[in-house]
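Okay, so here's the structure we're looking at.
The values are calculated or read from the model by the stated rules, or taken from the named source; none is laboratory data. Everything numeric here is computed off the predicted structure, so don't read it as measured data. Heads up, the Cβs are rebuilt from the backbone with ideal geometry, glycines too, and the neighbour counts pull from every protein chain shown. Side chains are part of the model used for accessible areas, which takes the heavy atoms of the whole protein and leaves out ligands, DNA and RNA. Shrake-Rupley method; radii C 1.70, N 1.55, O 1.52, S 1.80 Å.
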Amino acid sequence: MSAHFARLARLGILLAVVVSTGVAPPGPGAAAGAAAASAIASGAEDALAGWLWPVTPPRIAAPFVAPAHEYGPGHRGIDLIAPVDTPVRSPAAGVIAFAGSVAGRGVVTIDHGAGLVTTLEPVTAQVAIGNAVAAGEAVGIADAGGHAAQGTIHFGVRRDGRYINPMLLLGAVPRAVLLPCCDG
């Protein structure tokens with residue numbers, strides 16, 4: 001399969017997912033899904049390729065819930081089951097942008113380039129600001145506290161400052177199913 005055809009196929013699948021799953025509902029919230037689709041279309045595939053789950057085995061405790069608008073209620077990431085002391089890894093190569101405490105909970109933020117930034121919490125950092133990390137490299141251990149339920153970590157991803165569903169990068173969003181539209 002040629003690289004151009006693969007890029008077009010990925011863009012088509014992503015756009016179908018955005019439309020069918022409500023990941024980016026119509027209106028201002030649509031920018032998150034459109035940003036991810038735009039990244040693929042503009043050649044930022046390297047930043048989108050090869051993402052890994054930050055904990056293994058991956059078990060979702062709370063899914064991403066897109067807000068209807070930028071300031072609306074929602075869950076801007078996914079919560080993964082990770083008992084205290086579970087190793088937490090970088091989902092993709094990047095540079096540590098923040099590693100420390102925010103409101104009494106440990107937070108690790110990784111800048112992956114191409115406008116993609118990951119936040120993991122609560123995590124006791126084992127890295128320092130400015131450290132380069134590879135995909136799958138340990139960045140800390142799961143801790144307790146914050147808004148995530150006990151025994152879970154929150155995994156959020158922003159693209160150009162807007163939250164997107166991390167599942168889009170992990171290739172775990174269910175395929176779109178086309179349904180008949182009209183009575184015939």
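Okay, here's what the table says:
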quantity: Residue within the range 156-174 that is of a type in the set (D, E, K, R), within 15 Å of I78 (Cα to Cα) and either open to solvent by less than 20 Å² (accessible area, probe 1.4 Å) or touching a Ser or Thr at 6+ places or on another chain (Cβ under 8 Å) (or both) present; calculated: yes
quantity: Test: T124 is closer than 17 Å to V55 by Cα and out of contact with any Ser or Thr (no Cβ under 6 Å at 6 or more places or on another chain); calculated: yes
quantity: Failed item in (1) at pLDDT 60 or above; (2) at negative phi; (3) crowded, with 16+ Cβ neighbours inside 10 Å, with F98 passing the rest; calculated: (3)
quantity: Count of residues meeting criterion [in a strand (DSSP E or B), more than 18 Å from the chain's Cα centre (by Cα), free of Cβ contacts under 8 Å to residues at least 24 places away in the same chain and under 14 Å from R89 (Cα atoms)] in the range 101-143; calculated: 1
quantity: Complete set of residues in the range 68-95 that are under 15 Å from the mean Cα position of the chain (by Cα) and open to solvent by less than 20 Å² (accessible area, probe 1.4 Å); calculated: G77, I78, D79, L80, V88, S90, P91, A92, G94
quantity: Options A114, A128; residue that is touching a strand residue (DSSP E or B) at 6+ places or on another chain (Cβ under 9 Å), surrounded by 14 or more Cβ atoms within 10 Å (Cβ to Cβ) and of a type in the set (G, A, S); calculated: A114
